[in-house]
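To start, the structure itself, in structure tokens.
FYI, it's all coordinate maths here, none of it is from the lab. All figures in this text were calculated on a predicted structure; none of them were measured in a lab. So basically every Cβ, Gly included, is an ideal-geometry build from the backbone, and we count neighbours across all protein chains shown.
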Amino acid sequence: MVDPVEFQKLRSPSDLRAFVEQEREKVCADPEDFRRALLKQGLHKEFLDELVSISWFAILAYPDTVKVMPVLGNQAYDAVVYDELGNEIDRIEMTHPHDGADSAEDARLLIQRHFGKVHGGVPGQDFEELTKFVLDTCNKKAKKDYAECSLVISIEPMKPFSAFVNQYEAQVDSLLGKISCIHFNAKRVFLLILPDRLEEVHFA
């Protein structure tokens with residue numbers, strides 16, 4: 001299980017990324033811990049829904065001279081960022097829109113029969129379905145106060161086949177446009193497309 005003290009330790013972006021990968025490898029090597037991770041038991045939920053995304057965002061958004069401190073709890077942010085002098089320069093609020101019920105069912109099936117749900121559809125359909133969850137989450141986040149935070153919307157869509165890259169890019173642009181029409185009370189808003197693509201949302 002992830003140690004809460006280690007979870008919240010101050011690290012540079014590169015050290016945080018390395019820690020996340022190290023923990024992921026440990027979980028994958030332990031069948032019982034891997035089962036708990038699939039079911040998002042204990043700190044596995046925060047690790048998967050927050051820390052993985054925070055580690056990628058930190059690498060993409062800040063220089064490696066800063067320190068990032070993930071924070072557990074119900075406050076209005078998931079991490080604090082400090083400069084090399086120890087001054088707070090940012091707070092990160094991470095949100096990971098997805099179909100929670102579908103993911104939970106998929107995890108249960110994977111544990112029971114060693115393979116999850118079989119999905120079908122036309123190219124781009126998965127992104128359109130994900131978009132609904134993203135916009136619903138964004139509209140809920142827009143009602144809250146994140147004035148001191150960088151609000152990061154983290155998604156993990158399926159990578160497109162080469163023949164559908166243009167369609168995929170058009171869907172990303174469309175999603176950014178729809179998010180830009182929502183009024184957030186946040187310092188900055190980003191769309192993080194895991195693992196390593198970061199788009200800042202620009203508002204009219």
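Rounded to the nearest 5, the antiparallel percentage of DSSP beta bridges internal to the range 4-200 is 50%. Peptide packing: for 64-71, 178-185, the average count of neighbouring Cβ atoms within 10 Å per residue gives the ranking 64-71, 178-185, highest mean first. Cβ-Cβ distance of LEU176 and GLU84, R₀ of 25 Å, FRET efficiency by 1/(1 + (r/R0)^6): the value works out to about 0.20. Working note: 222 nm ellipticity from helices only, DSSP H runs with n ≥ 4, each -39,500 (n - 2.57), summed and divided by the residues of the chain, gives -13000 deg cm²/dmol to the nearest 500. Note on the chain: GNM, Cα springs under 10 Å; of GLY73, GLY124, GLY42, the largest mean-square fluctuation is that of GLY73. Spatially close Lys pairs in the chain, defined by Cα atoms under 20 Å apart and a spacing of eight or more places or different chains, total 24. Can you tell me how the range 4-200 classifies by the Cα gyration tensor, rounded, prolate or oblate, using a/c under 1.5 as the rounded cut? Oblate. If R0 equals 30 Å, the separation of the Cβ atoms of GLU129 and PHE203 corresponds to a calculated FRET efficiency of about 0.75. Karplus-based coupling profile of the range 181-188, in residue order and whole Hz: 8, 8, 8, 9, 9, 9, 5, 8, with θ = phi - 60° in 6.51 cos²θ - 1.76 cosθ + 1.60 and x standing for Gly or Pro.
Extension gain for ASN166-GLN8 works out to 52.9 nm (0.36 nm per residue, less the C-alpha to C-alpha distance).
Cβ-Cβ distance of LYS140 and ALA29, R₀ of 30 Å, FRET efficiency by 1/(1 + (r/R0)^6): the value works out to about 0.20. Summing charges over all other residues whose Cβ lies under 13 Å from the Cβ of VAL122, with Lys and Arg as +1 and Asp and Glu as -1, gives -3.
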